[in-house]
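See below for the structure under consideration.
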């Protein structure tokens, strides 16, 4: 990937995607999970607990896939930046930080999914 490719709209979009997909996945997971469990514990006792648990697993899966997609995108960006001798420092920084932040947020999403498997919903 040449320097010009990281400076056009698509290249910049890919660099930001490596950063933001995992963060958005985590925000989605945290917000929807807390909202769903809060609703169930306050008003949704007529709903079967296994239905809510399946929905929580689905939310975790979607969020983890978003973070994994961000990680793959950031990894590809990093490989492209490493092959390009004329890539800017900003591109190198964003590619490296994208890999690190995507890995971190993927681990956080998976760690937040563990209590769903172990604990009762309204504990």
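The table for this structure:
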quantity	calculated
Cβ-Cβ FRET estimate between residue 97 and residue 27, R0 fixed at 22 Å, reported to 0.05	0.80
Degrees separating the helix 89-118 axis from the principal Cα axis of the chain, which is the longest one	10
Relative contact order computed over the range 3-118 (Cα-Cα under 8 Å; 6+ residues apart), in percent	42
Mean ellipticity per residue at 222 nm, deg cm²/dmol - from DSSP H runs of n ≥ 4 across the chain, formula -39500 (n - 2.57)	-30000 deg cm²/dmol
Helix axis angle, 49-83 relative to the chain longest principal axis, alpha carbon, degrees	10
Given (1) 10, 20, 19, 16, 13, 10, 7, 4, 1, 0; (2) 14, 36, 22, 15, 9, 3, 0; (3) 12, 25, 17, 12, 9, 7, 6, 5, 3, 2, 1, 0, the label whose value is P(r) over Cα pairs in 10 Å bins from 0, in percent derived from this model	(2)
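Where a number appears in this text, it was derived from the coordinates with a stated rule and is not lab data. None of the values given here were measured: they were computed from a predicted structure. Positions of Cβ are backbone-derived with ideal geometry, glycine not excepted, and every protein chain shown enters the neighbour counts.
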